[in-house]
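Worksheet: the structure to be examined is printed underneath.
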Amino acid sequence: MKSDMENKDWLNEFPELKKVNPNNPFTVPDGYFHELSERTLSLSKLNALTINNGGFTVPQNYFDELSGNTTSQITIAGAINVENTGFAVPEGYFDELAGNIQSRIAIEEAASVETTGFEIPQGYFENLQEQISARIAVEELLSIEPEETFEVPQGYFDKLNAAILDKTVNAEKEVTVAEPVKRQTIVRRLFTSGIYKYAVAACVTVVIGVSFLIGSNSNPAPDAVANLHTQLSEIPVIEIRNYVEQNMDAGETQTALTDPNVSSEELLDYIDTEL
């Protein structure tokens, strides 16, 4: 006991040593000693293989990458031994794989385009203020209360059809009835100047012949008048009417109508003057 105390007294002489943790900082990995013999044999075999006897050589950085390669092999072996989890390759996956890849590439190229496809209309910003003002005006008009707007009179649409008919169809009927029918007077020509002269000359010749016969006979007047009436009666009335209508102008017709009581002597004087 005394010796132990003496052995610990020297620590007081070296304060730096007292700061050191008395526990062993080094630990042995689990199963180190169980696998020690196998590892020793493996290292001895590897050292034997490194002897330059003209045979195989270790690849460069083989031992540096040995741990990672070993772990990878273990992972692959474990994945192979894993039971089926229910995931399966879709039917026709590999047959459509090339087309799906091309489609995906096309989508990625389209997504990488800078333009979004939308363009600003021409003159958009120049007319922007006017459009905003117009929109505000429309909103203000829509916000007006219904009491301040115009209203349709009561029964307006019920009387609309009758009012339209009164102003269109019925009005035209009233105008048609109110307007008197104006008929133009047809003036028929009874005589023309040239033919009238020949007719008058023929009449004068007949009158002279009749007067000559009257003078030569003892009882001339009654016989001449009877003879004249006989000759005139042989001419149809329709022919005389047609002749008068075709060969008499408007002025002569007016004279004949306004002065129908012309004596035979005045008629003979007119004929002599015209001839």
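With label points built 7 Å along Cα→Cβ from the Cα atoms of Val138 and Ile101, find their separation and express it in nm.
About 5.4 nm, to one decimal.
How far apart, in nm, are two points set 7 Å out from the Cα along the Cα-to-Cβ line at Tyr93 and at Ser67?
About 3.5 nm separates the two model spin labels.
A short reminder: the numbers here are calculations on the coordinates, not readings from a lab. Everything numeric in this text was worked out from a predicted model, so none of it was measured. So basically every Cβ, Gly included, is an ideal-geometry build from the backbone, and we count neighbours across all protein chains shown.
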